[in-house]
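Laboratory data are not the source of any read-out in this text; all were calculated from the coordinates shown. This one's a predicted model, so the numbers in the text were calculated from it and none came from an experiment. Neighbour counts are summed over all protein chains in view; Cβ atoms, including those assigned to glycine, are modelled from backbone coordinates with ideal geometry.
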Amino acid sequence: MQIIKSNKTQFEYDIQALLKSFYPEWEPHMLAPDSEIRDRRILEGEPVMELYFGETEVTLKMLGGIPDSSQDNGLYTWYPKEMPGTPEYKNAFKRFFYVSLCKETGTTLPWGNLTGIRPTKIAMTMMEQGKSEEETADFLKEMHLVSEEKTALAIEIAGREQKILSTLHYENGYSLYVGIPFCPTTCLYCSFTSYPIGAWKKRVGDYLAALEKEIDATALLFQGKILDTVYIGGGTPTSLSAAELERLLKKLRDAFDFSTVQEFTVEAGRADSITEEKLKVLFENGVTRISVNPQTMKQETLDLIGRRHTVEQVKEAFHLARRAGFTNINMDIILGLPGETAADVRHTIEEIQALGPDALTVHSLAVKRASKLGRWIEENGATAYNNTEEIMEIAAKGAADMDMTPYYLYRQKNMSGNFENVGYSMRDKYGIYNILINEEKQTIAALGAGSITKGVFPDDRIERCENVKDVAQYIERIDEMIGRKRRLL
Ligand code: SF4
């Protein structure tokens, strides 16, 4: 654990997030004289910097624990003109802290001092308020020190999102998410709610029964509203049998009015869960968009990350989906997977291009400590997972060669190389739900274990309520989950 000694613990979240962006392996913690110490590791932690908030100046002193430092115990000072306690003060502080780290390390970050997960939301909000693209770009570059390239990407995506969302019902509309928390096996990097279907087979019926109860209650809450998009994710919804899928889809169609739905997506993520029969059920029940996710087309990596399916199976699943009639198929890939080089990513892109999907979602690996991958990295001491500008460029060019343009973007904590996840799509094949969840423009009612309902209210308030992640708990406490939703909505 790395300790930042300070006379105040303000801006702790931003400080930690920025430090982790520069030093992904760090676990920074701020320690002030009045801090309550609950973790023994804090006392044993390595002091790496001292931050002093004075009345007229703020100083940051490096204590020598900075790896690859180009400075010798650097001292940085800021004389704030802004009033403490104001958003302007906080923004200026973040600039100072970020610039000091840049000087210390001799590097900059592509997204500057932005620590949030939705950089396009800033651009979109400004443009909706009538700011020009130039004004928005200047703000991102000057206020947040975002690179020229990422600024252009954020502006391009925000403009496209505005157009795509123009047909949605912001006032009276809503979207629906349904979570199926089962997968064939658990991937090494998984940070979602996912249980191996084999072990849970006997309880799937109970899960669907609880979900049906939640579906009925939610449909009542949204009577008279317009359903714009539906997304079934997880987990891997196609882990369910064809009969179970049919039961779920029929229930949804009976409970909600689908006549206004513009997009109905089902994640058929894992190739080892896809069959002709299941695809037929999806297609016949009005699903318009599916995802068949290879993550990589390199077999050794698939084996390493626990996907338990082959490259051939991905190709077969894709062809089956086309034959079943799907004209909007997305594929997900992950950049920065353990051991993967630029040549491996180039190969993956070429294989995907040969299949010809309608959309490509490019993720930059995010390592969560609690995931199996986090533990794997700890045990193996692997430094061989890394995403680079070159690799990002290979994916972006690969998408452009397929006539796709970027249409949504978000970031996660602990992302390899500090980049972003980008959704690319051909014209009119955009995943509208993906934009909605990212830009928080509309209420999304989320059903199932581990799902989070997001209420977007007319006064711009955004409030959330969570369902428990544990499947057994979800089944047992379904009435409580419904109660939470009623109170929020
Ligand atoms: S398919 Fe997705 S949800 Fe399932 S285990 Fe893998 S990463 Fe997790």
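Taking label positions 7 Å along the Cα-Cβ direction at both K413 and E128, the computed distance is 2.6 nm, reported to one decimal. Which percent, to the nearest 5, of DSSP beta bridges fully inside region 167-483 are antiparallel? Roughly 35 percent of the DSSP beta bridges within region 167-483 come out antiparallel.
Using just its DSSP H runs of length 4 or more, each adding -39500 (n - 2.57), the chain gives a mean residue ellipticity at 222 nm of -12500 deg cm²/dmol after division by all residues. Normalising the average separation of contacting C-alpha pairs (under 8 angstrom, six or more residues apart) by the number of residues puts the relative contact order of the chain at 14 percent. Residue order for K163, K141, fewest other beta carbons within 10 angstrom first, comes to K163, K141.
Helix 133-144 axis versus longest C-alpha principal axis of the chain: approximately 50°, rounded to the nearest ten. Placing a label point 7 Å from the Cα of D460 along the Cα-to-Cβ line, the residues of region 92-121 whose backbone N sits under 19 Å from it are 116-121. Classification of region 2-107 by its C-alpha gyration tensor yields an oblate form. The axis ratio a/c (a ≥ b ≥ c) is 1.5 or more, and b/c is at least a/b. Between K8 and E276, how high is the FRET efficiency from 1/(1 + (r/R0)^6) when r is the Cβ-Cβ distance and R₀ = 51 Å? Nearest 0.05. Computed FRET efficiency for K8 and E276 comes out at 0.25. Would you mind classifying the chain by shape? Square roots of the alpha carbon gyration tensor eigenvalues, ordered a ≥ b ≥ c; an a/c under 1.5 is rounded, otherwise it is prolate if a/b is larger than b/c and oblate if not. It is prolate, given that a/c is not under 1.5 and a/b is the larger ratio.
Placing unit charges on the Cβ atoms of the charged side chains and taking the dipole of the chain about its Cα centre, the candidate lying farthest along the positive direction among M143, A472, H169 is A472. Along the positive direction of the dipole of the chain (beta-carbon charges: Lys, Arg +1; Asp, Glu -1; about the Cα centre), which of I122, Y231, N387 reaches farthest? Of I122, Y231, N387, it is Y231. Per-residue extension of 0.36 nm, minus the Cα-Cα distance of V99 and R375, leaves a gain of 96.1 nm for this segment.
I'd like the distance between the alpha-carbon centres of region 307-328 and region 197-233, rounded to an integer number of Å. Rounded to whole Å, the Cα centres lie 26 Å apart.
Modelled this way, with points 7 Å down the Cα-to-C-beta line, the labels at A243 and S35 are 5.8 nm from one another.
For a Förster distance of 22 Å, can you work out the FRET efficiency between the beta-carbons of R487 and D216, rounded to the nearest 0.05? With R0 = 22 Å, the Cβ-Cβ based efficiency is 0.80. Computed from Cα positions, the angle between helix 204-221 and the longest principal axis of the chain comes to roughly 80 degrees.
In a reduced charge model with +1 at each Lys and Arg Cβ and -1 at each Asp and Glu Cβ, region 392-451 shows a dipole moment near 140 debye about its Cα centre. Restricting region 1-39 to trypsin sites (Lys or Arg not before Pro) that sit in a DSSP loop and have at most 12 other Cβ atoms within 10 Å of their own Cβ leaves R38. Sparsely packed loop sites in region 33-62 (the GluC sites (Glu not before Pro) outside DSSP H, G, I, E and B with at most 16 other Cβ atoms within 10 Å) comprise E36, E55, E57. With neighbour counts taken as other beta-carbon atoms within 10 Å, the residues H347, H29 rank, fewest first, as H347, H29.
Simple rule: put +1 on each Lys or Arg Cβ and -1 on each Asp or Glu Cβ in the chain, find the dipole, and look at T86, G286, Q353; the Cα lying farthest toward the positive end is G286. The magnitude of the dipole of the chain, with charges of +1 and -1 set on the Cβ of Lys/Arg and Asp/Glu and taken from the Cα centre, is near 1240 debye.
Counting only alpha carbon atoms, the long axis of helix 478-488 and the longest principal axis of the chain meet at about 60°.
Between T108 and Y170, take the C-beta separation as r, use R0 = 45 Å, and let me know the FRET efficiency to the nearest 0.05. Rounded to the nearest 0.05, the efficiency is 0.75.
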